[in-house]
1. Does region 116-161 hold any residues that are of a type in the set (D, E, K, R) and open to solvent by less than 50 Å² (accessible area, probe 1.4 Å), and which are they?
2. Which of the residues belonging to region 78-115 are crowded, with 16+ Cβ neighbours inside 10 Å, closer than 24 Å to residue 59 by Cα and among the hydrophobic types (A, V, I, L, M, F, W, C)?
3. Return yes when residue 65 is closer than 21 Å to residue 9 by Cα, open to solvent by less than 10 Å² (accessible area, probe 1.4 Å) and either in contact with a Cys (Cβ under 8 Å, 6 or more places away or on another chain) or not in a strand (DSSP E or B) (or both) and no when it is not.
Amino acid sequence: MPESVWVAQSDPRVRPLLADLAREYSTRYQRVLTDVHFELREYPAERFAPPEGGLLLLVDDGHAVAGGAFQRYDEETAELKRIWTHRAHRGRGLARRVVGELEAEAVSRGYTRIHLTTGPNQPEARELYLATGYTPHFDVRAVPTTRLRFSKALPAAVAAG
């Protein structure tokens, strides 16, 4: 069972996540790899750091096998970004676990909603968000051609008793 580790974007274990996401995006969207790397660095690292954000890795035997991040979207809303599972570890429920842990951390930071987008050529992501209770803001019956927006209300944080 991989260990959950909250890290800074500068942590060397994050590099495989960013490199693999760049490879996936460039393959799926036929974009130049340097453009994809720029997009992944578009947000400063501090956007994914406490208190407004966080970056989670699932680490197995010292290597990142899945991960994701969130940042502040607005006062009440966190935005999920960079949800990733290494291709050798897909189909094990790790992305679901990452999303759940990101949501729980967002709740603990006072967020009440989640916003996210995914690309039209990422059907696995689309299905993940639908399966985990996200509301689609697009026609799910149509063939996607633009970014797909989702949102989800988060449960209120439970006060320690």
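1. Within region 116-161, 126, 152 meet the criteria.
2. 78, 80, 83, 84, 94, 95, 98, 99, 102, 106, 107
3. It is false that residue 65 is closer than 21 Å to residue 9 by Cα, open to solvent by less than 10 Å² (accessible area, probe 1.4 Å) and either in contact with a Cys (Cβ under 8 Å, 6 or more places away or on another chain) or not in a strand (DSSP E or B) (or both).
The rows are residues; the columns are (1) modelled with pLDDT of 95 or more; (2) under 24 Å from residue 75 (Cα atoms); (3) part of a strand (DSSP E or B).
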residue: 23; (1), (2), (3): no, no, no
residue: 27; (1), (2), (3): no, no, no
residue: 31; (1), (2), (3): no, no, no
residue: 35; (1), (2), (3): no, no, no
residue: 47; (1), (2), (3): no, yes, no
residue: 56; (1), (2), (3): yes, yes, yes
residue: 59; (1), (2), (3): yes, no, yes
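The values are calculated or read from the model by the stated rules, or taken from the named source; none is laboratory data. Just so it is clear, the model here is predicted, and its values are computed rather than measured. Cβ sites come from the backbone with ideal geometry, for glycine too, and all protein chains shown count toward neighbours. Surface areas here come from the heavy atoms of the whole protein model, side chains and all, with no ligands, DNA or RNA. Shrake-Rupley method; radii C 1.70, N 1.55, O 1.52, S 1.80 Å.
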